[in-house]
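The structure appears below as structure tokens.
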Amino acid sequence: MPDAIATLFSEQFLERLRHWIGIHHTVYPRVPPQGIYFESLVERAYLHSGWPRDQVVLENPNSPKADIRVGDTRLSLKTETGKGTRRDRISITKLCTTETGEWISNALIEHALAHLSRYEGILMLRAIWSQDTIDYQLVDVPIQLLQLIRACEAMPVGRRVGRKSLGFDVKEKEGGQILFHVHFDGADGKCQVRNLRLDRCLMLATWQQPIGE
């Protein structure tokens, strides 16, 4: 982990974020934080772990930039909290959108790479559901891992009429094991990451949250 990212994900920050997620559940006992709610909790955790106000900046929700800037480091904040979340495989339903430009492999991949260049890290909150608890995972998804798409080629997939979806597997150079799948959705223009191996990411924290009434 780069030194700047390691500093951002300090034990104090992780403890404060876990605390504020617990506070969230006192209001929304069965709803994990998502979107702007998760972003706000991350901001609060940084402020309460010692970062000065002028060093913690949330971006405009409609901005194509990173979601939050902490010091000189830009972070993208993601959540995966549905009932179908898998314990060992990550899905990012919208890495970015690709509504404009050519709908061909090299243009789409370059667009996704340009988006990844706008930040230095991805912090992701994941929720795995059981009968009485939510098992939370807080994960650092390496940018360098996703940048392996640079060497790939997207091919048409599915039977959609009109603009075809494109997709490809990203594999390890040694052994050829599949690391994740990328899907450019022809319907809504989203670039999705599917079945990303959790063991290729950094687990920052895990804990159980009781599901209240």
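The values are calculated or read from the model by the stated rules, or taken from the named source; none is laboratory data. Note that the structure is predicted; figures quoted are calculated from it, not measured. Because the Cβ atoms are built from the backbone with ideal geometry, glycine has one as well, and the counts that use them run over all protein chains shown.
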Next on the checklist: Residues that are in a strand (DSSP E or B), within 16 Å of the chain's Cα centre (by Cα), within 28 Å of Pro32 (Cα to Cα) and in contact (Cβ under 8 Å) with a residue 40 or more places away in the chain: does region 112-122 have at least one?
Outcome noted: yes
Checklist outcome for this item: Residue hits (region 1-41; in contact (Cβ under 8 Å) with a residue 24 or more places away in the chain and among the aromatic types (Phe, Trp, Tyr)) are Phe9, Phe13, Trp20, Phe38
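Matching residues to (1) of a type in the set (D, E, K, R); (2) within 28 Å of Ala6 (Cα to Cα):
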| site | (1), (2) |
| --- | --- |
| Gly121 | no, yes |
| Trp129 | no, no |
| Ile143 | no, yes |
| Gln147 | no, yes |
| Pro156 | no, no |
| Lys164 | yes, no |
| Phe168 | no, no |
| Arg200 | yes, yes |
| Ala205 | no, yes |
Item to check | Restricting region 194-209 to residues that are aliphatic (A, V, I, L, M) and in contact with a helix residue (DSSP H, G or I) (Cβ under 7 Å, 6 or more places away or on another chain), the residue that is surrounded by the fewest Cβ atoms within 10 Å (Cβ to Cβ) | outcome: Ala205
Checklist entry - For Leu125, are the conditions met, namely being under 19 Å from Met203 (Cα atoms), in contact (Cβ under 8 Å) with a residue 40 or more places away in the chain and not in a strand (DSSP E or B)? => result no
Item to check | Hits in region 133-144 (condition: more than 11 Å from Gly121 (Cα to Cα) and not polar (S, T, N, Q)) | outcome: Ile134, Asp135, Tyr136, Leu138
Next on the checklist: Filter region 181-194 down to the residues that are assigned to a strand (DSSP E or B) and without any contact (Cβ under 8 Å) to a residue 60 or more places away in the chain and list them by number.
Outcome noted: His181, His183
Checklist entry - Can you find a residue in region 85-102 that is of a type in the set (Val, Ile, Thr), in a loop (DSSP other than H, G, I, E, B) and over 17 Å from Trp207 (Cα atoms)? => result yes
Next on the checklist: Suppose the filter is at pLDDT 95 or above, touching a Phe, Trp or Tyr at 6+ places or on another chain (Cβ under 7 Å) and among the acidic types (Asp, Glu); does Glu80 pass it?
Outcome noted: no
Next on the checklist: Out of Ser49, Ser91, I need the residue that is closer than 27 Å to Ile134 by Cβ, under 19 Å from the mean Cα position of the chain (by Cα) and either surrounded by 15 or more Cβ atoms within 10 Å (Cβ to Cβ) or of a type outside the set (A, V, I, L, M, F, W, C) (or both). Which one?
Outcome noted: Ser91
Checklist entry - Would you call Arg16 part of a helix (DSSP H, G or I), surrounded by 18 or more Cβ atoms within 10 Å (Cβ to Cβ) and of a type outside the set (Gly, Ala, Ser)? => result yes
